[in-house]
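These notes concern the structure reproduced below.
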Amino acid sequence: MSPSPSPSIGGRLARSLVLWSVLWSAALGAAVWVIVQDEVEELLDDTLQSAAEGLIGPLALSLAEPVDPSTLPPRSKTSGRFTWQLVSHQPRVHLVASARGAPETPLHDTPKPGFSDVPGWRVYGQATGRDGQMVYVAQTTEERLEAETEIALAALFAGAPMTVLAVLWLSSRIRSELQPLRDLSQRLAHYDPMQPGATLGAAEREELQPVHAAIDALARRLTRRIAHERAFTSHAAHALRTPLAGIDAQLAVALREAEPPHRPRLQRVRAAAERLQRVVVALLAMFRSGAEVQRSEVDVGALAARLPIEGLALEARGTTPLNADADLLIAAVLNLIDNAQRHGARSVTFSTPATNVLRVHDDGPGVDPARRRELRAAIDAQDYAGRTGLGLMLADLVARAHGGGLSLPDDAGGFAVELNLGPS
């Protein structure tokens, strides 16, 4: 099962920003609503009070004498949201006058000066100066709620563009501040600690400086370790090369002088010594000083002719020259040939199916599909230990050193390896 992707810093920050923006907008809306509701209530109450005081004047003259409906102000038509009533509470409660469309019954059964609430109305009452008479000016609660809502929404909509601009600006700043991380990943993609004086350089942000320092320190440790291993391997290979050459010479002499019954055993010993010599040659090529690929034109036919292996036929078919490091290529091919011979192959064919690609195909028993998939997975992951032999490992390392890679194509018979030696 493939591992789940790591969370994105930018994504997490963006989600946090959106969440806090929503919470902030909600808190701001609640605060605006509370403030607006209080202020609008106060303003509308002042309006009711002013309206009541304004009605007292026109009614004052008529209130000095017994009330005659003809002397009262004409009944004005209202919107239904605002209204007024002149109510007499003595000797009984009754409407003296009212606005057209006002409730047919008095808003209060008893004198109620000041502000009060009745179902559906906010009422302000004021005495007229005549015993038992009150002027009531009222506004529907629906109208007051509508006014409060409209003002609150207007305030919110006025602040919404600023909130959106703030979110966009902060998002831009987040992307800008995360850019050094993307730049660092690009630097690492081209960072070769084996190059003399290689360093990531100064960090673009103070917080990244410890990361740069830690990577440079790790690179120095790895470089020293690789240098030590390379030096040891090179010295060991050199130390083994001379004794192996002496062993081969002594075995050649022993083969000539030995009795016929003993010669097959000596021949097997000599073949094993030759394989060990080829491994030493490969190690010397891989871990030579500098280890830089030194490309030159390599003729595949000439290369096959330089590799006479007893008991194994080598043939080059329809090949084109390769642009590769000859020493490294020979080291890889020697080990592939040794693998083929040890697995029962009798012939090996070299071809170039594509530009700067060498195909090595033997007529051995090959491997089953499951084993081929396992080998491919090990080569792709560069996880060689216990999964591939020395020949495939060295061939893959040589191909990678050239900027390419090793592949195992499907074949009807035998075993095939393709070395992609990178751009020509």
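The values are calculated or read from the model by the stated rules, or taken from the named source; none is laboratory data. Here the structure is a predicted model, which is why all the values come from computation and not from measurement. Here Cβ is always computed from backbone atoms with ideal geometry, including for glycine, and neighbour counts include all displayed protein chains. In case anyone asks, the SASA skips ligands and DNA or RNA and just uses the protein heavy atoms, side chains included. Shrake-Rupley method; radii C 1.70, N 1.55, O 1.52, S 1.80 Å.
Structure above, values below:
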item	result
Subset tally (residues that are more than 18 Å from residue 404 (Cα to Cα), among the hydrophobic types (A, V, I, L, M, F, W, C) and in contact (Cβ under 8 Å) with a residue 12 or more places away in the chain) for segment 301-332	8
Tally of residues being crowded, with 19+ Cβ neighbours inside 10 Å and more than 21 Å from residue 299 (Cα to Cα) across segment 342-365	2
Answer from 117, 109 - the residue that is under 17 Å from residue 46 (Cα atoms), open to solvent by 20 Å² or more (accessible area, probe 1.4 Å) and out of contact with any Lys or Arg (no Cβ under 9 Å at 6 or more places or on another chain)	117
Check on residue 104, at pLDDT 75 or above, more than 28 Å from residue 162 (Cβ to Cβ) and exposed (fewer than 11 other Cβ atoms within 10 Å of the Cβ)	yes
Counted residues, segment 1-31 - those being of a type in the set (Gly, Ala, Ser) and either in contact with a Pro (Cβ under 7 Å, 6 or more places away or on another chain) or at pLDDT 75 or above (or both)	3
Residue count, segment 133-188 (criterion: outside any helix (DSSP H, G or I) and of a type in the set (Gly, Ala, Ser))	1
Residue selected from segment 379-398 under the condition within 24 Å of residue 423 (Cα to Cα) and without any contact (Cβ under 8 Å) to a residue 12 or more places away in the chain, by the criterion most open to solvent (accessible area, probe 1.4 Å)	380
Number of the condition not met by residue 406 [criteria: (1) without any contact (Cβ under 8 Å) to a residue 60 or more places away in the chain; (2) assigned to a strand (DSSP E or B); (3) touching a Ser or Thr at 6+ places or on another chain (Cβ under 9 Å)]	(3)
Residue, least open to solvent (accessible area, probe 1.4 Å), within segment 259-300, restricted to residues that are of a type in the set (D, E, K, R) and modelled with pLDDT under 80	278
Single match in 311, 318 (criterion: surrounded by fewer than 22 Cβ atoms within 10 Å (Cβ to Cβ) and in contact with a strand residue (DSSP E or B) (Cβ under 7 Å, 6 or more places away or on another chain))	318
Subset of segment 366-378 [charged (D, E, K, R) and crowded, with 16+ Cβ neighbours inside 10 Å]	372
Filtered residue count, segment 179-199, keeping only those that are touching a helix residue (DSSP H, G or I) at 6+ places or on another chain (Cβ under 7 Å), of a type in the set (A, V, I, L, M) and at pLDDT 80 or above	1
Where a residue in segment 22-43 is surrounded by fewer than 13 Cβ atoms within 10 Å (Cβ to Cβ) and its partner, wherever it lies, is modelled with pLDDT of 75 or more, with Cβ under 7 Å and at least six apart	none
Cross-chain or 6+ apart pairs with Cβ under 6 Å, segment 107-126 first and among the charged types (D, E, K, R), then open to solvent by less than 40 Å² (accessible area, probe 1.4 Å) and part of a strand (DSSP E or B)	112/125; 122/139
